[in-house]
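One structure is given below, encoded as structure tokens.
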């Protein structure tokens, strides 16, 4: 009975008990902005994915960095396409931390990104793409709008 | 903070005015204030503008609100008169190339700039100016807009050489010096269409003040808005603890702190010297801008069908 009660309590809770992370590091909550099945359902359920690893040497994610997400009990890779943190002049700062899910080859899981993405990503992702590695520029093709 | 400090807020000025009326008008120890500010009618201001032919080189008083970036940082540690003069020269050189219109916090701007990352190598952003910062060549402004219900902000340096064009689509002021609270407002209050047409305005009329009061979303907020005296926000409730703390952190004596005002402002005499240096050039640019605007209007007659 107690277990049942606690379960109901947890499910009905409309807020997070962990503080907001000021930068993208492990355990930061993110927002999936593509129309992939898993991403959409995770956002609808109010269970945004958490970053569990940042693929750079600092451990803090910046625009265009690849991260590993824990999303609906699965591990997925994603690219950061919009950040809340202050940016240098001319680079937009967004109201949420946006990610687009990709697979190991760099192909996005969805077919559309429904928010604008910064122009500078075109350069950043091209720089990160290696000839024989993953091709991250595929993500740019599904963007609906640049800003 | 510096930009707010450089130009006195209306309240403070009012206080000083009252203060001065007690001690008579001719008190030199309050020399950082403009006694005539409020007494001067708009007609007299117009006369001032005409005086440029007489080579009097007296910039109208509203220049400190129109061109706040020409005033240096009031902090003496950051002052260097030679650097400031050189920067002013550079700023005028840049202004000779692109037309930076007059705008205030709350105006809607469109910025076109060359962007090596963009497809067509140019990028245009439209948004409401929510903050103006910095002085001299480091002056910058922050535009905010929401596209596809995604709020975003971009900071532009005013004298950035990559900027191709700055348009003021709607010239107006809001009730506050900074509109950072728009981040915690419903998204429709920071949504502006990209295909907005520039509004035609009467340049002689005083700048319109938009008295819109925006509602705040429920907490959590990005800042403690209850501690800031916001005029452009609707009444909102905070919990008992936050209200008590806000009460505790109030500093009602600061508006009477003359030394604080003195430290945060550029004295009137210095302002006069600075604007005298750039006034004739700025005035010439203003005239050419007006001429160009008239030309553009004239060049678009409706074709009889």
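Under the rule of -39500 (n - 2.57) per DSSP H run of 4 or more residues, summed and divided by the residues of chain A, what mean residue ellipticity at 222 nm is obtained, to the nearest 500 deg cm²/dmol? Please report the intermediate quantities before stating the final value.
On the way: 4 runs with 32 residues, N = 147.
That comes out to -6000 deg cm²/dmol.
How far is it, in nm, from the label point at residue B:223 to the one at residue B:188 when both lie 7 Å from their Cα along the line to the Cβ?
So the two model labels end up 2.5 nm from each other.
Plugging the Kirkwood radius over Cα pairs into Stokes-Einstein for the range A:21-141, at a temperature of 25 °C and a viscosity of 0.890 mPa s, what D comes out in µm²/s? Walk me through the numbers before you get to the answer.
Values: Rh = 14.2 Å.
Rounded to a whole number, D works out at 173 µm²/s.
If you line up the Cα atoms of the range B:211-305 on their principal axes, what length do they span on each, largest first, in Å?
Taking max minus min along each principal axis of the Cα atoms, the range B:211-305 gives 66, 51, 19 Å.
How long are the three semi-axes of the equivalent ellipsoid of the range B:197-247, in whole Å, if each is the root of 5 times an eigenvalue of the C-alpha gyration tensor, listed from largest down? Don't jump to the answer; show the numbers that get you there.
Values: eigenvalues 232, 30, 14 Å².
One finds semi-axes of 34, 12, 8 Å for the range B:197-247.
Need one number: convex hull volume per residue for the range B:102-237, Cα atoms only, in Å³. All intermediate terms of the calculation are to be shown ahead of the outcome.
Details: hull volume 18.3 nm³, N = 136.
Value for the range B:102-237: 135 Å³ per residue.
Since every read-out is calculated from the coordinates, none of them should be taken as a lab result. Please read all numbers here as calculations on a predicted model, not as lab measurements. For neighbour counting, all protein chains shown are included, and Cβ atoms are generated from backbone atoms with ideal geometry for every residue, glycine included.
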